[in-house]
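See structure below.
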């Protein structure tokens, strides 16, 4: 009887479906996004840790660099203020990168199983993972910006405040996506953490803070322009000091130069360059998210 039923009758066509998945691409994306949202909401270990670290870092930066943003009389004051902005963004960014890696690695195990079952394709899943991070990073940036901006005592004008918020938001976001990308190209979170840490030193060296862009050797300056932290520092400085009209004292100079001239001469920053800076910061987020989605689709580290 089994042998008889295993042979299709004459004229019967093979079973065929018009699409591989039961839902459209949009339906898969919305389902994955809802799944991710519930998963993140029920994972306080991940979100509360980064929120607490951000709060701690914001209070530490605010108390250590109390009201230094209002001091613009010397190059040392300028370096101190830039250091406050740079260090806080870097520490929180690295924290975001490290804390997201175990979450992505764990979710990837579930993704392999559900993709094999034909529930959804890799692209909607990856895009859902990318989009679900945005509101959490937005909340993280909001209270960080309010605390640091007030305690460091930057100038309270709407353009400068929102530029500061914009730069911090996309900097935290590209660090988060960078962490996700490192997991997608490595078999586990331990190797991903090692891989990501290998670039932290380069981010530091070529950020333009320790070694200004004009002083970087010509054969290495290309890396400065592709370093995400370099554009973060660029935006932080130019957004706060592009309209400064005071002079500053610089050791070794007999005449006090204008602050804007010093920024352009010493750091190599164009004061009307905020549009390209904003575009590049968004571009880094899109680039790391694209790499994450691409590697998640093409690389398979499933061991069974």
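Values in this text are rule-based calculations from the coordinates and carry no lab data. Note that the structure is a prediction, hence the values are computed from the model and not measured. As a convention, Cβ positions derive from the backbone with ideal geometry for all residues, glycine included, and neighbour counts pool all protein chains shown.
Odds and ends about this structure:
- Cα-based shape type of the range 124-201, given that a ≥ b ≥ c are square roots of the gyration tensor eigenvalues and the cut on a/c is 1.5: prolate
- Considering only 220, 34, 163, the Gaussian network model of the chain with Cα springs below 10 Å gives its largest mean-square fluctuation to 220.
- Contact order normalised by residue count of the range 157-260, Cα under 8 Å, 6+ apart, percent: 23 percent
- Sequence of 295, 290 once ranked by neighbouring C-beta atoms within 10 Å, starting from the fewest: 290, 295
- Hull-based mean projected area of the chain, where the convex hull spans the alpha carbons, in square nanometres: 21.4 nm²
- Pair residue 162, residue 197: separation of 7 Å Cα→Cβ label points (nm): 4.1 nm
- Relative to the longest principal axis of the Cα atoms of the chain, the long axis of helix 158-184 lies at roughly 40 degrees.
- Cα gyration tensor shape for the range 85-217, rounded if a/c is under 1.5, else prolate or oblate: oblate
- Relative contact order (%) - the chain, alpha-carbon pairs under 8 angstrom, separation at least six: 23 percent
- Shape class for the range 189-304, computed from the alpha carbon gyration tensor (a ≥ b ≥ c): prolate, with a/c not under 1.5 and a/b above b/c.
- By the beta-carbon count within 10 Å of each Cβ, the least crowded to most crowded order of 288, 91, fewest first, is 91, 288.
- Neighbour counts of C-beta atoms inside 10 Å place 233, 7, 130 in the sequence 7, 130, 233, starting with the fewest.
- The angle separating the long axis of helix 274-298 from the principal Cα axis of greatest extent in the chain is about 30 degrees.
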